[in-house]
Amino acid sequence: MSILVTGGAGYIGSHTVVELLEKGEELVIVDNFVNSKPEVLDKLRKITNKDFKFYEVDLLDEENLEKVFQENDIESVIHFAGLKAVGESVQKPIEYYHNNITGTLVLLKLMKKYNCKRIVFSSSATVYGDPEIVPITEKCKVGNTTNPYGTSKLFIERILQDVCFSDKEFSVALLRYFNPIGAHKSGLLGEDPNDIPNNLMPYILGVAKGKYEILNVFGNDYPTKDGTGVRDYIHVVDLAKGHLKALDKIRKEAGTQIYNLGTGNGYSVLELVETFKRVNNIDVKYRITDRRPGDIAVCYADPSKAKQELGWVAEYGVEEMCKDSWNFAVNN
Ligand code: NAD
Ligand code: UD1
């Protein structure tokens, strides 16, 4: 019996693969490398000293994806594969909806055919839109997403809930990630965007390495402690561990389970930049610019449901996140 990890060569997928292999799980990874590199697979073997099966397949390619189900006894799926660049999704909505939603539907069709009834899904805090209250609980209203990427997450959540409703043996965990940063301690795995990064930490790393001249801080007139946006940054290894806990849960229980995976702490842009500079002893030049359209002021989780029901708590703090991000950047 194996776990199928879609998008397992990507940033969060690869860190989760390490945790799963270290726990002794049998894995089959599927990825088309649209946003990752084959070298990651060797790094995973190097870190864990364990092996897994790998298929270079696009989820949209039903015929080849079916071979994965034919050749392996898949008991659960952890579904990371998807496109995630918010700005690009606004420019290319059809590609984003097709890849993320159709890809998930093809996967679900095959899961049904091969009687695999468990899936952990990578959702996002973006489904809450501009939150009514902080900290955000799982009971907060979802909707009002501001871009096709976010809307694809919202739709997939709904599709998975409908599948669960139709089949009482089906179990789904919807994991709403807050802002993953950080990297594996080995320095071998981390976030390695192909294009100019949109997210804060990859951009800080680019400036610290001299690849970009200066960080644009998008607005300092938000109603926050220093006027800059506040987010719940979570170490990617903590996030990865949350998937194992969620998997344990859905192996025991049918139905839909929803969890926020965050630390519960909000940090402003300037706090993150200052922490990064201090712990790594390196300068990061920045300037204040206009707000980025679509941004919200404050977003952080109430992670107490995951603590109560999964026994999961994020352990790393923001200093560790900044150190590990930099360690990966200098090693790559
Ligand atoms: P990533 O781009 O590093 O990883 C996604 C992986 O999926 C990549 O390796 C990519 O090549 C693969 N992929 C994409 N489309 C595919 C397809 N059609 N067939 C096969 N493989 C495909 O992204 P990540 O940061 O690791 O994110 C993983 C998941 O978590 C995504 O679904 C993302 O939307 C979600 N998520 C990420 C964040 C974040 O900040 N990183 C936040 C919330 C949710
Ligand atoms: C973004 C996505 C969100 C996604 C999340 C995690 C948008 C509008 N939202 O959220 O859908 O789920 O990433 O992948 O893109 N910032 C700067 N300068 C920069 C980059 C960012 O000041 O160069 C600020 C932002 O204004 C924000 C904070 O840093 O206040 C974090 O930004 P980012 O890393 O892009 O994440 P989110 O905006 O939370």
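Kindly indicate whether Val207 is assigned to a helix (DSSP H, G or I) and either closer than 23 Å to Leu261 by Cα or of a type outside the set (Phe, Trp, Tyr) (or both).
Yes.
Working only within the range 31-50, note down all residues that are outside any loop (DSSP other than H, G, I, E, B), open to solvent by less than 70 Å² (accessible area, probe 1.4 Å) and not acidic (Asp, Glu).
Hits for the range 31-50 are Val40, Leu41, Lys43, Leu44, Ile47, Thr48.
Tell me which of these Asp221 doesn't satisfy, since it passes every other one: (1) open to solvent by less than 20 Å² (accessible area, probe 1.4 Å); (2) more than 17 Å from Asp324 (Cβ to Cβ); (3) touching a residue at least 60 places away in the same chain (Cβ under 8 Å).
(1)
Given (1) away from ligand 1 (no atom under 15 Å from the Cβ); (2) among the hydrophobic types (A, V, I, L, M, F, W, C); (3) within 19 Å of the chain's Cα centre (by Cα), where does Val134 come up short, assuming only one miss?
Result: Val134 passes all but (3).
Would you say Val90 is within 20 Å of the chain's Cα centre (by Cα) and closer than 28 Å to Ser186 by Cβ?
no
If Gly82 passes every condition in (1) within 16 Å of ligand 1 (Cβ to nearest atom); (2) at pLDDT below 95 but one, which one does it miss?
(2)
In the range 282-332, what residues are among the hydroxyl-bearing types (Ser, Thr, Tyr) and open to solvent by 70 Å² or more (accessible area, probe 1.4 Å)?
Tyr286
Which condition does Phe178 not pass, out of (1) over 17 Å from the mean Cα position of the chain (by Cα); (2) closer than 23 Å to Lys305 by Cα, if it passes all the others?
Condition (1) is where Phe178 drops out.
Quick check on my filter: what residues within the range 144-180 are under 16 Å from Ala81 (Cβ atoms) and among the hydroxyl-bearing types (Ser, Thr, Tyr)?
Within the range 144-180, Tyr149, Ser152, Tyr177 qualify.
Taking Ile74, is it more than 16 Å from ligand 2 (Cβ to nearest atom), under 30 Å from Leu188 (Cα atoms) and either surrounded by 17 or more Cβ atoms within 10 Å (Cβ to Cβ) or β-branched (Val, Ile, Thr) (or both)?
Yes.
Can you tell which of Lys225, Lys249 is under 22 Å from Leu160 (Cβ atoms) and of a type in the set (Lys, Arg)?
Lys249
Go through (1) under 17 Å from the mean Cα position of the chain (by Cα); (2) under 18 Å from Ile101 (Cα atoms); (3) within 13 Å of ligand 2 (Cβ to nearest atom); (4) in contact (Cβ under 8 Å) with a residue 40 or more places away in the chain for Thr146 and report which single condition fails.
Failed condition: (1).
So that you can scan it fast, the table gives a plain yes or no per residue for (1) in contact (Cβ under 8 Å) with a residue 24 or more places away in the chain; (2) within 12 Å of His243 (Cα to Cα); (3) touching a helix residue (DSSP H, G or I) at 6+ places or on another chain (Cβ under 8 Å):
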residue	(1), (2), (3)
Val5	yes, yes, yes
Gly8	yes, no, yes
Gly13	yes, yes, no
Val17	yes, yes, yes
Leu21	yes, no, yes
Gly24	no, no, no
Asn32	yes, no, no
Ser36	yes, no, yes
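Looking at the range 225-238 only, could you name the residues that are more than 27 Å from Gly10 (Cα to Cα) and near ligand 2 (Cβ under 9 Å from one of its atoms)? Don't jump to the end; show me each part of the working.
From the range 225-238, those more than 27 Å from Gly10 (Cα to Cα) are 225-228; that's our starting set.
Residue satisfying the conditions is Thr228 alone.
Give me a count of the residues in the range 86-141 that are open to solvent by 10 Å² or more (accessible area, probe 1.4 Å), polar (S, T, N, Q) and over 24 Å from Glu253 (Cβ atoms).
Total meeting the criteria: 4.
Could you say which residue among Leu174, Leu188 is aliphatic (A, V, I, L, M), under 26 Å from Ile133 (Cβ atoms) and either open to solvent by 10 Å² or more (accessible area, probe 1.4 Å) or in contact with a Phe, Trp or Tyr (Cβ under 6 Å, 6 or more places away or on another chain) (or both)?
The conditions single out Leu174.
Report yes if some residue within the range 228-249 is away from ligand 1 (no atom under 15 Å from the Cβ) and more than 22 Å from the chain's Cα centre (by Cα); otherwise report no.
Scanning the range 228-249, I find at least one residue that is away from ligand 1 (no atom under 15 Å from the Cβ) and more than 22 Å from the chain's Cα centre (by Cα), so the answer is yes.
For Val142, state whether it is over 30 Å from Val40 (Cβ atoms), among the hydrophobic types (A, V, I, L, M, F, W, C) and not in a loop (DSSP other than H, G, I, E, B).
When the stated conditions are applied, Val142 does not pass them.
Among (1) more than 14 Å from ligand 1 (Cβ to nearest atom); (2) open to solvent by 30 Å² or more (accessible area, probe 1.4 Å); (3) more than 24 Å from Asn194 (Cβ to Cβ), which single condition is Glu63 missing?
It fails just one condition, (1).
The values are calculated or read from the model by the stated rules, or taken from the named source; none is laboratory data. Since the model is a prediction, treat every value here as computed from it, not as a measurement. Positions of Cβ are backbone-derived with ideal geometry, glycine not excepted, and every protein chain shown enters the neighbour counts. Keep in mind that these areas ignore ligands, DNA and RNA; they rest on the heavy atoms of the full protein, side chains included. Shrake-Rupley method; radii C 1.70, N 1.55, O 1.52, S 1.80 Å.
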